[in-house]
Amino acid sequence: MSPPVALDDSYIPVAVATLIPATATPFSLFLRDDARYRLFRDANFPFDVEDRDRLLQNGVTRLYVTNGNLDRYKSYLRTQLDGLLADETLPPCERLGGLNEVVRNVLQEDFACGDSARIVNSAKTLAEQTVQAICNTDAVASDLFSVMHHDYQTFTHSANVTYLSVFLASQLGLAVDDLPQIAAGALLHDLGKLQISDRILNKNGSLDVSELAVIKRHPTAGFEVLCKRSDLSWGQLMMVYQHHEDWQGGGYPVGSVGAEIHLWARICTVADVFEALTANRPYRKGMPRSEALGLMRGRMKDRFEPEILQCFHTAIQPS
Ligand SMILES: [Fe+2]
């Protein structure tokens, strides 16, 4: 056995669910115990079904790769995702887990480079795979919640809002053909935040008037970038532009009311607020889901179309 490696920040967690059994990974995998990383599988040594099941039975949902192998892991993920989504022997949560790792990795890279054309192209590809993972696997809300990360980063938020939006749209009975468009719109909904500095986005404490104005410009900023493209639909553009409008008025950027707000944007708003309330921030822990839902059905209720909120409430109740 290789000697234990001291804990440091050069190891990156990867979900066990993203590792395809019976394939060799082109990177070494490490286990973490209290204070050490230990080699679990050397590169190019097959990771089999028994390995995966034993880990999951023992509650181990994360292994680690070295920072130097992160690019290899990402490229492995992209090539394996289609196979993982098509593997009907895997439960929905594992397929969703794999999808989530890919979506977050791709968005993280694309958002960091800030190229909107690259982000739109990725969003379209990921949207198809997201709908497949959520709608073709009989996934339920608890499957979704089991794979979602809850950090405050925009790419994590965008991924989570996408899963919740697709799930909600599907529960509302929207046309199956619309779902990939809704998924891509949700992946792009906060694109305008790329123009806002991290200092303001992650500020610990209340925002001053000018900082608030900067934040409130992000739907318009995202719309301005995306409306020049001919490959996005009106509904997708409205998800970007109107996801902070409130059903009873008083939202931004223009204070649209009721049916003036596109249905897909109304769906995105419910998913967006729920995700924002339950996500951890650098300065506070996210709310429990029941508390967030209570707040949305109580003090915040005027922000949402009642039927959509009711459907969301029903859909995420534990079965
Ligand atoms: Fe937003």
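Restricting region 232-241 to residues that are among the hydrophobic types (A, V, I, L, M, F, W, C) and away from the ligand (no atom under 11 Å from the Cβ), which is farthest from the chain's Cα centre (by Cα)?
Residues of region 232-241 that are among the hydrophobic types (A, V, I, L, M, F, W, C), as a first pass: 232, 234, 237-240.
Cutting the leftovers down to away from the ligand (no atom under 11 Å from the Cβ) gives us 232, 234, 237-238.
Working: Leu232: 20, Trp234: 23, Leu237: 19, Met238: 20 Å.
Looking at the filtered set, the residue picked out is Trp234.
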| query | Of the residues that make up region 136-154, is at least one in contact with a strand residue (DSSP E or B) (Cβ under 9 Å, 6 or more places away or on another chain) and hydroxyl-bearing (Ser, Thr, Tyr)? | reply | yes
| field | Unmet requirement for Arg297, which otherwise passes all of (1) within 18 Å of Leu172 (Cβ to Cβ); (2) surrounded by fewer than 22 Cβ atoms within 10 Å (Cβ to Cβ); (3) in contact (Cβ under 8 Å) with a residue 24 or more places away in the chain | value | (3)
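Please go through region 8-50 and pick out each residue that is in a loop (DSSP other than H, G, I, E, B) and either β-branched (Val, Ile, Thr) or outside the structural domain of Arg72 (by TED's automatic domain parsing) (or both). Before you say what the answer is, go through the steps one by one.
Start the filter on region 8-50 by keeping residues that are in a loop (DSSP other than H, G, I, E, B), which leaves 8-10, 19-22, 25-28, 33-35, 42-45, 48.
Residues satisfying the conditions are Ile20, Thr25.
Quick check on Asp82: is it open to solvent by 50 Å² or more (accessible area, probe 1.4 Å) and modelled with pLDDT under 85?
Working: open to solvent by 50 Å² or more (accessible area, probe 1.4 Å): yes; modelled with pLDDT under 85: yes.
Criteria met by Asp82.
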| message | If Arg229 meets every condition in (1) among the charged types (D, E, K, R); (2) surrounded by 14 or more Cβ atoms within 10 Å (Cβ to Cβ); (3) within 19 Å of Ser116 (Cβ to Cβ) apart from one, which number is that one? | response | (2)
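Against the definition (surrounded by 13 or more Cβ atoms within 10 Å (Cβ to Cβ) and touching a Gly at 6+ places or on another chain (Cβ under 7 Å)), how does Ala15 come out, yes or no?
Numbers: surrounded by 13 or more Cβ atoms within 10 Å (Cβ to Cβ): yes; touching a Gly at 6+ places or on another chain (Cβ under 7 Å): yes.
Taking the combined requirement at face value, the residue satisfies it.
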| message | I'm trying to understand the selection: among the residues of region 60-73, which are open to solvent by 60 Å² or more (accessible area, probe 1.4 Å) and either assigned to a loop (DSSP other than H, G, I, E, B) or touching a Lys or Arg at 6+ places or on another chain (Cβ under 6 Å) (or both)? | response | Thr61
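With the requirement that a residue be in a helix (DSSP H, G or I), open to solvent by 30 Å² or more (accessible area, probe 1.4 Å) and within 16 Å of the ligand (Cβ to nearest atom), what does region 242-267 give you? Steps first, please.
Initially, region 242-267 is screened for residues in a helix (DSSP H, G or I), giving 242, 258-260, 263-267.
Still in the running and open to solvent by 30 Å² or more (accessible area, probe 1.4 Å): 259-260, 263, 266.
Passing the criteria: only Arg266.
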| query | Picking from Glu50, Glu101, which residue would you name as being acidic (Asp, Glu) and surrounded by 13 or more Cβ atoms within 10 Å (Cβ to Cβ)? | reply | Glu101
| Residue ID - nearest to Gln248 (Cα to Cα), chosen from residues in region 282-319 that are basic (Lys, Arg) and not in a helix (DSSP H, G or I) | Arg299
| List the pairs whose first member sits in region 201-220 and is under 15 Å from Thr154 (Cα atoms), whose second member is aromatic (Phe, Trp, Tyr) and assigned to a loop (DSSP other than H, G, I, E, B), and whose Cβ atoms are under 6 Å apart, counting only residues at least 6 apart or on separate chains? | none
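The values are calculated or read from the model by the stated rules, or taken from the named source; none is laboratory data. Small disclaimer: the values here were computed from a predicted structure and weren't measured. Backbone-built Cβ (ideal geometry, glycine too); neighbour counts: all protein chains shown. For accessibility, only protein heavy atoms count, side chains too; no ligands or nucleic acids. Shrake-Rupley method; radii C 1.70, N 1.55, O 1.52, S 1.80 Å.
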